[in-house]
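As structure tokens, the structure follows; a few thoughts come after it.
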Amino acid sequence: MASGTYGTVRPADIQPSDAEIFVHYTTSRSSAGEAALTKYKGEDLLVKIANPNNTTGFEIFGGLYTLKLPAANFSKKGIYTIVIKPIEIRAKIADCGVLSTLPDVKGIIFDVNTIDVKFREKFINNGLIGYRVEYLDTNATSDTKISNFFRIITSNNKVEGTNTQMTTSNGQLAIRYLFNDASANVFCTLSPSSAPTSRPNTGNNGFPYLGTMGQNVIITNTFFNPIMIEIEMVDHDIETLAYGLFANQSKSLEDGVYTIYNFSDQIYKQYNLYEIKDKFTGKPLFEVRQLRTSIDVSKEFNNIKNV
Amino acid sequence: MEILKRKILRETLISRENDVSYGTITAATIYLKVFLTQDIDDMGMYTDMEYVNRPWETPASIGNKPNLANNLVNELVNKGLNFPFMSGATTTEVPPPFNKDLRTVNRVVSDFYTYGMQVTGFTNNKLNEYVTTLRNQKYRKGYIAKSEVYTNFLGVNINGISTITSPNNPVFPKLFPVVYTKLGNNDNKLGTVYQTTGIKYVTYPSPSVNETINIDTAYGITDLRNFISPTNPDSVDTVISYIGEGFNPTNTTLSAITKEELYFGIVSEPEVTSDVFIDRGSSSVMDKHLRLSEIVGVQHLVRYGNKFYNINENNLE
């Protein structure tokens, strides 16, 4: 029975190209690791999974993705920190203005022709609803991103600028925007964009900041919540410890080679076993087990048990 | 933000084969499963914004000849320049593939409406609307219960009639499957699989309890669900079918939308209900309505009543 409440968490069904992946590597937790992050494209590392409920064609299984990490880049011992986040679209505000027929509707304008080609299809009418806009301070010498400050795009439509007579002045014209699907400019309304009632919009004193002409911004989708994965590449775990305890082993009595095998009877480790004696008295001083760097393949388990 | 931790054994990437690859990493890929979620929030209702047509512009060419009334064309002609657009040529830009979810150039509003699929379902029978006045023939094929000429959602004139199309003289209570239509176009497709106007009903005879009725395609019903109908005059023993009209100009409009912030998170129109009923009693409608001009709130109405108003306080808080 419906209880009047609803869940607000849904499995994301993004396209891999909607995400980008950043990786940081460090050899150990006592080291800061690499200075810069390594960026990967989402479509290179994320793979969609088919929904078994659809037997006629491919249908994405919401939420679950396979992360394919190239072993060549992820095989070193250490800690890899992987962040999967929505892809960023870098843009510049072409203009800030209002609509011709509704001067109270304020927004920012982007020129689609200045957007990276692979993102232009997202600038269709109302294709950016729900996207987040973050602002950059290009005058800053460091840390150009303005912290803790963002807006949400509530609508976007193709517009063109037109000279419109203002109602407050005689004969004064100003650029206002009309909807036109043939245009390459996009008018985005943002939230919040209304002035508080205590500081009405007169003189723009209370008007929330939406951006300025020429300001660089970052537009990001909100299709999924970012996640961080910490992968620790290790040489040993309970499996390799089990080799030493439960797998087959051999000791060559002729040359003192001690071999530990894995559960597939492949050589895992080999050691030289020897004794160090006093060269004058011949008294045994140490028994040594030393890891061999080169493998003696004659000690293969199949070879030994068939002797 | 959720942080996942995984420990991967490098040994699984290393070859232990008895060949030259022994001890080297031969695995090409490490596979992990990740689960992505999205926290959603409803922005609420949007506000339609009407499109305003662009001001009429002077065309660049008329009759494939430069139109000197166009300032740009006039300027170019004066300078002895000639371009194809001045003679009516257009660009060869290929429009993007049509997508009903997107607005693109060269598409009209009607391109975004989808209709034409058959919709079927179960309902109770409507035969009581087709009863004749004849004592011996309660239901008669061809009896027109209603006729009306109307315009459908596409603007096409329909000569609609409500009638029983088959079989001949069904007898109650043991009825054959009876096919009847409501305001379908009076043509040779009426009551057949090809009927595309009005609503078609097929009522099956009352079965025994728990008897399964097999619905076949003879009456144009493509949905082959079977149903069980108890012997009850109000039972669901009728299949209804019609051509779906979808969203169309008669039930919706397409326009640009904007988000008014006062409606953020509000998913339906606010409804205003009146909790104050002013009973004027026997007062004349010409009574001094200026008395109301001093009222600025409900409390004023209560104090100022002076037996002029009766306030129904049942719903006042």
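The values are calculated or read from the model by the stated rules, or taken from the named source; none is laboratory data. What you are looking at is a predicted structure, and each value in this text was computed from that prediction instead of being measured. Using ideal geometry, Cβ is built from the backbone for each residue, glycine included, and neighbour counts are taken over all protein chains shown.
When segment B:129-148 is filtered for residues that are of a type in the set (A, V, I, L, M) and assigned to a loop (DSSP other than H, G, I, E, B), the ones remaining, listed by number, are B:Val131, B:Leu134. Within segment A:1-18, restricting attention to residues that are at pLDDT below 90 and of a type in the set (S, T, N, Q), the residue that is nearest to B:Leu32 (Cα to Cα) is A:Thr8.
Table: residues versus (1) part of a loop (DSSP other than H, G, I, E, B); (2) touching a Phe, Trp or Tyr at 6+ places or on another chain (Cβ under 9 Å).
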{"position": "A:Glu121", "(1), (2)": "no, no"}
{"position": "A:Gly130", "(1), (2)": "yes, yes"}
{"position": "A:Thr138", "(1), (2)": "yes, no"}
{"position": "A:Phe150", "(1), (2)": "no, yes"}
{"position": "A:Ser155", "(1), (2)": "no, yes"}
{"position": "A:Val159", "(1), (2)": "no, yes"}
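When the test is whether a residue is in contact with a helix residue (DSSP H, G or I) (Cβ under 9 Å, 6 or more places away or on another chain), within 9 Å of chain B (Cβ to nearest Cβ) and either buried (at least 18 other Cβ atoms within 10 Å of the Cβ) or closer than 30 Å to A:Met213 by Cα (or both), A:Leu67 passes it. Screening A:Glu275, A:Glu239 for residues that are closer than 30 Å to B:Lys5 by Cβ and modelled with pLDDT under 95 leaves exactly one candidate, A:Glu239. Scan segment A:103-119 for residues that are exposed (fewer than 15 other Cβ atoms within 10 Å of the Cβ) and free of Cβ contacts under 8 Å to residues at least 40 places away in the same chain and the total you get is 4.
Residues in segment A:28-40 that are within 14 Å of another protein chain (Cβ to nearest Cβ) and either among the aliphatic types (A, V, I, L, M) or within 11 Å of the chain's Cα centre (by Cα) (or both): A:Tyr40 only.
Taking segment A:19-38 as the range and being within 20 Å of A:Asn225 (Cα to Cα) and either at pLDDT below 85 or acidic (Asp, Glu) (or both) as the test, only A:Glu20 passes. Out of A:Asp265, A:Asp235, I need the residue that is of a type in the set (D, E, K, R), within 12 Å of another protein chain (Cβ to nearest Cβ) and out of contact with any Phe, Trp or Tyr (no Cβ under 7 Å at 6 or more places or on another chain). Which one? Going through A:Asp265, A:Asp235 in turn, just one is of a type in the set (D, E, K, R), within 12 Å of another protein chain (Cβ to nearest Cβ) and out of contact with any Phe, Trp or Tyr (no Cβ under 7 Å at 6 or more places or on another chain): A:Asp235.
Among the residues making up segment A:40-81, none is in a loop (DSSP other than H, G, I, E, B), over 24 Å from B:Ile14 (Cα atoms) and in contact with a Leu (Cβ under 9 Å, 6 or more places away or on another chain). Looking only at residues of segment A:219-232 that are outside any loop (DSSP other than H, G, I, E, B) and within 7 Å of chain B (Cβ to nearest Cβ), we find that the one that is surrounded by the most Cβ atoms within 10 Å (Cβ to Cβ) is A:Ile231.
Note on segment A:246-296: residues that are farther than 25 Å from B:Arg16 by Cα, of a type in the set (Asp, Glu) and in contact (Cβ under 8 Å) with a residue 12 or more places away in the chain total 2. Of the residues A:Phe123, A:Phe61, the single one that is aromatic (Phe, Trp, Tyr), more than 9 Å from every other protein chain (Cβ to nearest Cβ), under 26 Å from the mean Cα position of the chain (by Cα) and under 30 Å from A:Asn180 (Cα atoms) is A:Phe123. Reported count of residues in segment A:261-306, each being outside any strand (DSSP E or B), among the hydrophobic types (A, V, I, L, M, F, W, C) and surrounded by 12 or more Cβ atoms within 10 Å (Cβ to Cβ), is 5. Taken over segment A:166-218, residues that are β-branched (Val, Ile, Thr) and at pLDDT below 85 amount to 6.
A quick yes/no check of all residues on (1) among the hydrophobic types (A, V, I, L, M, F, W, C); (2) more than 14 Å from chain B (Cβ to nearest Cβ):
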{"residue": "A:Met1", "(1), (2)": "yes, yes"}
{"residue": "A:Ala19", "(1), (2)": "yes, no"}
{"residue": "A:Thr26", "(1), (2)": "no, yes"}
{"residue": "A:Gly42", "(1), (2)": "no, no"}
{"residue": "A:Ile49", "(1), (2)": "yes, no"}
